[in-house]
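Chemist: Dropping a structure here in structure tokens format, bear with me for questions.
Every read-out reported here was derived from the displayed coordinates using simple, explicitly stated rules and does not represent laboratory data. Being a predicted model, the structure only gives us computed values, none of them experimental. All Cβ positions, glycine included, derive from the backbone under ideal geometry; neighbour counts span all protein chains shown.
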Amino acid sequence: MSQMRPVQVIAVSGGKGGVGKSNIAVNLSIALAELRRRVVLLDADLGLANVDVLLGIKATHTLADVLAGTHSLRDVLVTGPAGLKIVPASSGVQRMAELSSSEHAGLINAFNELSDQVDVLVIDTAAGISDTVVSFVRAANEVIVVVCDEPSSITDAYALIKLLNKEYGMQRFRVVANMTRTPQEGLSMFNKLNGVCERFLDVTLQFVGQVPFDEMVRKSVQKQKAILEFAPTSKAAQALRQIAQQVDQWPLPNSPTGRLEFFVERLLQAANSRY
């Protein structure tokens, strides 16, 4: 049997709401799909699912139906722009913490079923640093922290990184600056965050790039279309494609760490350890 190819699992988080995290997650996923990667986007904002809203997609089934055993993961996948596949959110990781061992196995098999058909799994986490967010971020092998130029954005991003570093020993984070007004602004936000992290934590931060403030983004959200589709030549869309090209070069995890079943195992362990 041929060795299964590891799956790149990327969590997009931000520490707070309003930084444009879901927009980055959605468009980064589409940009990677445009690079001919097989991408699955998991909407992990379990209370306030918004990927379907951003893309104007109606989901008839969600992860909850997979847990209930009424549908397979393939049944609930919705196809988005550029062939991107989306797993719509179900409400409540609380439910995940109460799964029986056969349900555990079922969910792991559900993701495992997909693993030969996916290169990248992007997880759009909820805002904040709740247990749920931490579970999803810990289950990924790459973490993108999105920051913007609001005083609380850097503070909240630092709080998330500190928690993941101190409590769970996570040491490497990637940073994307969003809605920047000048080319210098993104780097200066990164330097600010990096400065605090270097002083107080044992972490490595890498600046992935920035997405400039672009009026077209707001219009695309109103039209329920991804900026890459709505205004493909806009400044924001071009910047997102550049970021995707970088992400595409990131080293793949060593198997089995990057396999989807590991992702689900980690997720379930994290959920269960809390109850």
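Chemist: Note down the nm distance, to one decimal, between modelled labels 7 Å out along Cα→Cβ at R181 and at T60.
Modeler: The answer from the label model is 4.8 nm.
Chemist: Oh, and also: Once both labels are modelled 7 Å past Cα along the beta-carbon direction, what's the E150-N191 spacing in nm?
Modeler: Each label point lies 7 Å from its Cα, and together they span 2.5 nm.
Chemist: Quick one: P(r) of region 8-272 from all Cα-Cα pairs, 10 Å bins, percents rounded to integers, in order of increasing distance.
Modeler: 7, 32, 38, 19, 3, 0
Chemist: Tell me, what is the percent relative contact order of region 8-272, built from C-alpha pairs under 8 Å that lie six or more residues apart?
Modeler: 27 percent
Chemist: Restrict the search to region 117-199; then list the trypsin sites (Lys or Arg not before Pro) that DSSP places in a loop and that have at most 14 other Cβ atoms within 10 Å of their Cβ.
Modeler: On the way: sites: R138, K162, K166, R172, R174, R181, K192, R199; in loops: R181.
Answer by residue number: R181.
Chemist: In terms of Cα to Cα distance under 27 Å, which lysines are near enough to K162, apart from those fewer than 8 places away along the same chain?
Modeler: Cα-Cα hits under 27 Å: K16, K21, K192.
Chemist: In nm, give the distance between the simple-model label positions of L252 and S130, each being 7 Å from the Cα along the Cα-to-Cβ direction.
Modeler: 3.4 nm
Chemist: On to the next question. Could you name the lysines in cross-link range of K85, using Cα to Cα under 18 Å and dropping any fewer than eight places away on the same chain?
Modeler: Here the lysines satisfying the reach criterion relative to K85 are K58, K225.
Chemist: On to the next question. To the nearest 20 debye, what charge dipole does region 8-272 have about its Cα centre, counting +1 at the Cβ of each Lys and Arg and -1 at the Cβ of each Asp and Glu?
Modeler: On the way: 25 positive and 27 negative charges, 119 e Å.
The dipole of region 8-272 has a size of about 580 debye.
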